[in-house]
Amino acid sequence: MSSPYKLVSPYRPTGDQPTAIATLLDGLRQGDRRLTLEGVTGSGKTFTMANVIAGHARPALVISHNKTLAAQLFSELKAFFPHNAVEYFVSYYDYYQPEAYIPQTDTFIEKDASINEEIERYRLAATNALLGREDVIIVASVSCIYGLGSPEDYREMLVEVRTGDRVARETVLERLVAVQYERNDYEPAPGVFRVRGDLVDIFPSYRQDGVRVEWFGDEITGVHRFDPTSGRVTETLSHALISPAKH
């Protein structure tokens, strides 16, 4: 089976790495549930695992015990796999205060939280990649063990736009609103869409570019990615999957 991953690196496995890679891949193919790679700091464990991921040719989940190490692994793996979907999924709270009660002073403290919008975009991008691609590597903190709901239910909420499909513009707009997108014809921002005649510009919460859908009557005649700042089309697509604006 050919691998969907393209590992980009000026280095080649050396020393104990080729044996480690072959042993780990052999164990995965045999269905071993627990395999361990040991090595001192700086011995190239991330590079070794990148070769294992590329050789195994399946989506991978890398879990770290804290955000700092997760960010480092995300950066390294993204450099190794620039043509694949390497995503980042960690807790999006900058600050979290659970509700509490202090009996000595009869004081009740309400729950308070501050959400990092950039991290939330990364989380949404990770979910979108898992639903639409096979070449996915998710680097996560332990927050990924908390469920987001049923993948089947989430998949049913996807809004698909495809060139050549006959679907009324109003139907697509209603579906976007149903998955928590808001209409804003003046200020492009993540999680909104705008309508200009037969054009609908969608700004997904999980991307920094937009999706432009063109209609002629009730037929979709074009789907494009575009730069929200300049309005310039950067890529023409056959179709696009729009995930919900929020988890």
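The values are calculated or read from the model by the stated rules, or taken from the named source; none is laboratory data. As the structure is a prediction and not an experimental result, all values here were calculated from the model. Here Cβ is always computed from backbone atoms with ideal geometry, including for glycine, and neighbour counts include all displayed protein chains. Side chains included, ligands, DNA and RNA excluded: accessible areas come from the protein's heavy atoms. Shrake-Rupley method; radii C 1.70, N 1.55, O 1.52, S 1.80 Å.
The table that follows gives values for the structure above.
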quantity	calculated
Sole residue being surrounded by 20 or more Cβ atoms within 10 Å (Cβ to Cβ) and either outside any helix (DSSP H, G or I) or in contact (Cβ under 8 Å) with a residue 12 or more places away in the chain (or both), chosen from VAL40, VAL86	VAL86
Residue among GLU134, GLU160, GLU152 that is under 30 Å from LEU77 (Cα atoms), open to solvent by 60 Å² or more (accessible area, probe 1.4 Å), touching a His at 6+ places or on another chain (Cβ under 8 Å) and not hydrophobic (A, V, I, L, M, F, W, C)	GLU160
Test result for ALA126, of a type in the set (A, V, I, L, M), open to solvent by less than 60 Å² (accessible area, probe 1.4 Å) and on the phi > 0 side of the Ramachandran plot	no
Filter result (among the charged types (D, E, K, R) and assigned to a loop (DSSP other than H, G, I, E, B)) within the stretch 176-208	ASP185, GLU187, ASP198, ARG207
Test: residue in the stretch 67-74 that is in a loop (DSSP other than H, G, I, E, B) and not polar (S, T, N, Q)	no
In the stretch 198-225, the residues that are in contact (Cβ under 8 Å) with a residue 40 or more places away in the chain, open to solvent by less than 60 Å² (accessible area, probe 1.4 Å) and more than 21 Å from ARG121 (Cα to Cα)	VAL213, TRP215, ILE220, GLY222, VAL223
Lone qualifier among VAL195, VAL172, VAL167, VAL179 - being crowded, with 20+ Cβ neighbours inside 10 Å and more than 19 Å from TYR92 (Cα to Cα)	VAL172
Residue list for the stretch 89-109, restricted to those being within 18 Å of ARG207 (Cα to Cα) and either surrounded by fewer than 12 Cβ atoms within 10 Å (Cβ to Cβ) or modelled with pLDDT of 75 or more (or both)	PHE89, VAL90
Of the criteria (1) more than 15 Å from the chain's Cα centre (by Cα); (2) surrounded by 12 or more Cβ atoms within 10 Å (Cβ to Cβ); (3) without any contact (Cβ under 8 Å) to a residue 60 or more places away in the chain, which one VAL142 fails	(3)
Per-region count, the stretch 150-175, residues free of Cβ contacts under 8 Å to residues at least 24 places away in the same chain and part of a loop (DSSP other than H, G, I, E, B)	1
Positions within the stretch 4-27 being hydroxyl-bearing (Ser, Thr, Tyr), open to solvent by 50 Å² or more (accessible area, probe 1.4 Å) and under 17 Å from ALA57 (Cα atoms), in sequence order	THR23
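Residue by residue, here is whether (1) of a type outside the set (Lys, Arg); (2) within 22 Å of the chain's Cα centre (by Cα); (3) under 18 Å from GLY164 (Cβ atoms) holds:
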| position | (1), (2), (3) |
| --- | --- |
| PHE203 | yes, yes, no |
| GLN208 | yes, yes, no |
| ARG212 | no, yes, yes |
| PHE216 | yes, no, yes |
| THR236 | yes, yes, yes |
| HIS239 | yes, yes, yes |
| ALA245 | yes, yes, no |
